[in-house]
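All remarks here apply to the structure that follows.
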Amino acid sequence: MSEAKKIGFIGCGLMGHGIAKNLIKGGNMLTIFNHPGNQPVDDLVSQGAVLRDNIAEIVSGVEFVFICVTGSPELRSVVFGDQGVLAGLQPGTVIIDATTGEPSSTLEVSEALHQAGGFYMDAPMTRTPKEAEEGRLNVMVGGEQAIIDKAQPLISCYAENMFVSGPVSSGQRMKLLHNFISLGTAVLLSEAYATAGKAGVDRNVLTEVLASGGGDSVVLKRLIPYIEKGDSSGFLFSLSNARKDMKYYTHMAEELNVGAYCAESIHQTLITAANVAGEQRPMPELIDVLAGIHGAPLCKQD
C-alpha cells in the first residue's frame with residue numbers, strides 16, 4: 001500500500017486475528033480493542049499494534065474501523081453501547097463490518113452510523129481461520145461504490161477475492177446464501193456418514209465414492225480429515241455459529257416470504273446437535289454427534 005492508514009479493530013477472534021495480522025503486514029497502524037474473546041495478540045503487539053480498553057477512544061482517532069464480531073447482538077452492542085462506536089465516531093470515518101449478521105439489523109446499524117456522519121459497508125467473509133492468517137479470504141461487500149473503492153486497498157491485504165454484491169446489507173445476504181449451501185452440505189454429509197456407520201458401510205469407501213462423483217465438494221474435503229483421523233482442525237466453525245447463521249438465513253427468507261423448507265430442517269438439526277453435544281463443538285464433529293444420537297459407530301475413538 002502507498003499510504004499507511006490508522007485503523008481501529010474490534011473483534012480479534014479466530015477470523016479477526018488473521019485479518020488484523022495482514023492489515024499490519026500491509027503497512028497499516030492498528031489499535032485493537034482489548035477483549036477477553038480475542039485470540040492471543042502478543043504477535044500483533046510485537047508488530048506495532050496498540051491495545052486499548054475503550055471502543056469510543058479507539059474510534060475517535062482513526063480513519064477506518066473494522067468490526068469482526070459473532071453476530072448482530074454483538075454488533076449492536078459494539079456500535080450502540082455507552083462507550084461504543086457511535087460515542088466516538090468522527091465524521092467521515094469508514095466502518096467496515098466483517099460480521100455475519102441479520103440484513104435487517106445491518107440496515108439499522110448503517111443508518112445510525114450514517115446519521116452520525118460515518119460511512120458503513122458490510123464485508124463478511126468465507127473460508128477458514130487458516131486462510132485468514134494467509135490473507136486468502138473471500139469477501140462479499142455491500143455499500144456505496146465510492147466507499148467500497150476507498151476500502152478496497154485494505155480489504156486486499158487479507159482477501160484473495162472481493163465480490164461486490166450491491167448496496168448496504170447485500171454482502172450479508174450473499175454470505176447467508178453461501179452459508180446456507182455450505183452448512184447445508186456439511187449437515188447432509190454428516191447425516192450420511194452417521195447412517196453409513198450404522199448400516200455397516202465402510203466410511204472410507206463412501207468417501208472415495210463421493211469424491212469421484214457428484215458428491216465431491218470443498219465441504220467434503222474439509223470433513224475428510226475428521227472422518228479418517230478424527231482431526232477437526234481444518235474446519236473450526238462451531239455448531240453455535242452454524243446454528244446462528246442458519247437462523248439468520250431463515251429469518252431473511254421469512255422476511256422475503258420465501259419458504260425455507262430445507263433451511264429449517266438444517267437449522268433444527270444444528271439446534272439439536274448443539275443442545276446434545278455443546279455449542280462449541282466444531283462442525284466436523286456433527287458426524288459423531290448424529291452417530292451417537294442414533295447408536296452408530298463414531299469416527300473419533302477416544
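The values are calculated or read from the model by the stated rules, or taken from the named source; none is laboratory data. What you see is a predicted model; the values in this text were computed from it and never measured. So basically every Cβ, Gly included, is an ideal-geometry build from the backbone, and we count neighbours across all protein chains shown.
Could you list all residues from region 276-296 that are surrounded by fewer than 21 Cβ atoms within 10 Å (Cβ to Cβ), within 21 Å of Lys229 (Cβ to Cβ) and either small (Gly, Ala, Ser) or not assigned by TED's automatic domain parsing to the domain that holds Lys244 (or both)?
Ala277, Gly292, Ala296 - these are the residues of region 276-296 that are surrounded by fewer than 21 Cβ atoms within 10 Å (Cβ to Cβ), within 21 Å of Lys229 (Cβ to Cβ) and either small (Gly, Ala, Ser) or not assigned by TED's automatic domain parsing to the domain that holds Lys244 (or both).
Which members of region 258-275 meet the condition of being in a helix (DSSP H, G or I) and either surrounded by fewer than 18 Cβ atoms within 10 Å (Cβ to Cβ) or more than 21 Å from the chain's Cα centre (by Cα) (or both)? Spell out the reasoning first.
Going residue by residue through region 258-275, those that are in a helix (DSSP H, G or I) are 261-275.
Once the filter is applied, which keeps residues that are in a helix (DSSP H, G or I) and either surrounded by fewer than 18 Cβ atoms within 10 Å (Cβ to Cβ) or more than 21 Å from the chain's Cα centre (by Cα) (or both), region 258-275 yields Tyr261, Cys262, Glu264, Ser265, Gln268, Ile271, Thr272, Asn275.
Scan region 267-286 for residues that are of a type in the set (S, T, N, Q) and in contact with a strand residue (DSSP E or B) (Cβ under 8 Å, 6 or more places away or on another chain) and report the count. Reasoning before the result, please.
Initial filter on region 267-286 (of a type in the set (S, T, N, Q)): 268-269, 272, 275, 280.
From what's left, in contact with a strand residue (DSSP E or B) (Cβ under 8 Å, 6 or more places away or on another chain): 280.
Matching residues across region 267-286 total 1.
Between a residue in region 89-117 that is under 26 Å from Thr250 (Cα atoms) and in contact (Cβ under 8 Å) with a residue 60 or more places away in the chain and any residue that is in a loop (DSSP other than H, G, I, E, B) and among the β-branched types (Val, Ile, Thr), which pairs come within a Cβ distance under 6 Å, given they are 6 or more apart or on different chains?
Hits for this filter: Thr99/Val69.
Taking only region 84-126 into account, find how many residues are assigned to a loop (DSSP other than H, G, I, E, B) and either of a type in the set (Phe, Trp, Tyr) or at pLDDT below 95 (or both).
Residues of region 84-126 that are assigned to a loop (DSSP other than H, G, I, E, B), as a first pass: 84, 89-93, 98-102, 116-118, 123-124.
When the remaining residues are screened for being either of a type in the set (Phe, Trp, Tyr) or at pLDDT below 95 (or both), the result is none.
Going through region 84-126 one residue at a time, the tally reaches 0.
State whether the residues of region 130-148 include one that is buried (at least 19 other Cβ atoms within 10 Å of the Cβ), in a helix (DSSP H, G or I) and touching a Leu at 6+ places or on another chain (Cβ under 7 Å).
There is no residue in region 130-148 that is buried (at least 19 other Cβ atoms within 10 Å of the Cβ), in a helix (DSSP H, G or I) and touching a Leu at 6+ places or on another chain (Cβ under 7 Å).
Could you check region 197-257 for helices (runs of 4 or more DSSP H) lying wholly inside it with 3 or more residues that are in contact (Cβ under 8 Å) with a residue 40 or more places away in the chain and under 15 Å from Ser182 (Cα atoms)? Show your work before the answer.
Numbers: elements: 203-211, 218-229, 239-255.
Per the criteria, 239-255.
Considering Asn54, Asn34, which residue is in contact with a helix residue (DSSP H, G or I) (Cβ under 9 Å, 6 or more places away or on another chain), surrounded by fewer than 18 Cβ atoms within 10 Å (Cβ to Cβ) and not aromatic (Phe, Trp, Tyr)? Talk me through it step by step, then tell me what you get.
Values: Asn34 fails: in contact with a helix residue (DSSP H, G or I) (Cβ under 9 Å, 6 or more places away or on another chain).
When all the criteria are applied, what remains is Asn54.
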